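Remarks on the structure that follows.
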Amino acid sequence: MAQTKLDDRPLTIETMAAHLAKGCKPADQWRVGAEHEKFAFRLGTNTAIDYLPDAEGRGGILALMTGLMRFGWAGVYEGETLIGLSRNGASVSLEPGGQFELSGAPLSDMHEICAETGQHLEEVKEVADEIGIGFLGLGFTPNWTRADVPVMPKGRYKIMREYMPKVGSMGLDMMFRTCTVQANLDFSSEADMVAKFRMSLALQPIATALFANSPFTEGKPNGFVSARANVWTDVDADRTGMLDFVFEDGFGFETYANYAADVPMYFTKDGHRYIDLAGKSFRSFMAGDLAEVPGRRATLKDWEDHLTTLFPEVRLKQYLEMRGADSGPWSRICALQALWTGVFYDSAALASAWDLCKHWTSEDRAALRLDAARTGLKGTIAGRPIKDVARDFVAIAREGLKRRARFHAGMVDETGYLSELEQIADSGLTPADRLLELYHGPWQGKVNPVFDDFAY
């Protein structure tokens, strides 16, 4: 009798939870994955870049990806369309509005991450210079309207673009006008996952405040220090937010699997073809009850795909993803990894970081999320200045990194990657506050200088 493939077996909550639990690994196998996005713009006009060449024949995102292949990147295709690149565990992906993302390989320390990031930016700059493209690290486009941003040719984005306006007012802004930097980290057991999930979810708005870097919308101050973070407050309540159930007794892999199973779907795939299932029940798909795909039941691959369509402030796959930071210069890409690694991978630091926030209520956490987007480090949380919490958070991370003692060339440990965050926390001024000072001062009420002064 033919053996049934694992992917063909009917899914249950137990098997879906077990899939998440496969991420557990011993501490000596823990790694860190860095992801960052950046806006591509046309040098000279500061306009968004389309996939194909522009009217003057200057190359777009396709030419950028094709050019990177000279450095050993292999193409990733959807049918005949180039939608990404891969090399040695890292990938370059095609984001909805042409944002250019590096998803780094899982690496051992901050030194390796910064080397990887630096190599990527050098390679990208070589190709981009040839076709007249520059890059800007901000959390939100400073002057482009939605209509200014082209749509990239990837099947899932068409489905998302049509569904987003039905469930929130700012989903299209999220897709086309935001950029983030992200850290992906490991856990050893279900209990370790729970401890890290709770701590990082509660403190995620503190990271949002430290990295806030998007005070402009369509050429003017928008009233936020992180417009990107504000966008996420009205994208789709079913798949975003602070996940109060994570803090409840009994939370674990199965709880998260049940939550994810109740999040409406976007799609399933048939080879390279996307089938629109937006708003449909994943549980119905598990039972084989979706009329759009008669006779089909969800597989483990469908579960993996579905997990990528959830967007809480911290996301669980077979690792934990920190999703709360605006994009910025390359130095802060490394800083985000250092911040979370310092508190994730040292038990004393993990406990100290939890002590900062364990007494916060659900209402405290929700208010902090809103305050971090609007005022950054200027607000309070549970009666304490956010600035002071941020300073303590960074200091705890520093001690964790110091105890990790990962040295480069036998001399420099990882703590130096936190220097910029220490300056931000000590000053109480976010990167966005500094941008606003320039806008109201030397830039004389204009935002276009950001493309000159802050481009990669």
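Read-outs: derived from the displayed coordinates by stated rules, not from any lab. This structure is a prediction, so every number in the text was calculated from the model and none was measured. Glycine also receives a Cβ, built like all others from the backbone with ideal geometry; neighbour counts cover every protein chain displayed.
Only Lys, Arg, Asp and Glu carry charge here, each on its Cβ (+1 for the first two, -1 for the last two); on that basis the chain has a dipole of about 280 debye about its Cα centre. Based on DSSP H assignment, which helices of the chain show an axial Cα extent of at least 30 Å together with a mean Kyte-Doolittle hydropathy greater than or equal to -1.0? Flagged H segments are 110-131. Put in line by how crowded their Cβ is, counting other Cβ atoms within 10 Å and starting with the fewest, 303, 354 read 354, 303. Annotation: the residues 94, 339, sorted from fewest to most other C-beta atoms within 10 Å of their own C-beta, follow the order 94, 339. At full extension, residue 423 and residue 362 could sit 19.0 nm farther apart than now, given 0.36 nm per residue minus the alpha carbon distance.
Between the beta carbons of residue 382 and residue 348, assuming R0 = 25 Å, the FRET efficiency works out to 0.65 to the nearest 0.05. Only DSSP H runs of four or more residues enter the estimate; each adds -39500 (n - 2.57), and after division by the residues of the chain the mean residue ellipticity at 222 nm equals -13000 deg cm²/dmol.
State the Cα centre-to-centre distance between the stretch 186-204 and the stretch 294-308 in whole Å. If you average the Cα positions of each part, the centres end up 26 Å apart.
Checking the Cα-Cα distances for 125/158; 358/378; 158/358; 158/378; 317/358; 154/196 against a 32 Å cut-off, the pairs over it are 158/358; 158/378; 154/196. Measuring spread by the Cα atoms of the stretch 198-242 yields a radius of gyration and Dmax of 11.9, 37 Å.
Computed over the stretch 6-453, the P(r) curve from all C-alpha pair distances, binned at 20 Å from the origin, holds 25, 60, 15, 0 percent per bin. Length gained on full extension, residue 317 to residue 281: 11.0 nm, using 0.36 nm per residue less the C-alpha separation. Listed by chain and number, the aspartates and glutamates whose C-alpha is less than 18 Å from the C-alpha of residue 387, apart from same-chain residues fewer than 8 away, are 326, 355, 364, 371, 420, 422, 426, 433. Taking 0.36 nm per residue of separation and subtracting the current Cα-Cα distance, fully stretching the chain between residue 158 and residue 28 would add 42.7 nm. At q = 0.21, 0.23 Å⁻¹, what log₁₀ I(q)/I(0) does the stretch 269-328 have when each alpha carbon counts as one equal point scatterer in the Debye sum? Values, matching the q order: -0.89, -0.98. Averaging 1/r over every pair of different alpha carbons in the stretch 408-453 and inverting the result gives a Kirkwood radius of 12.8 Å.
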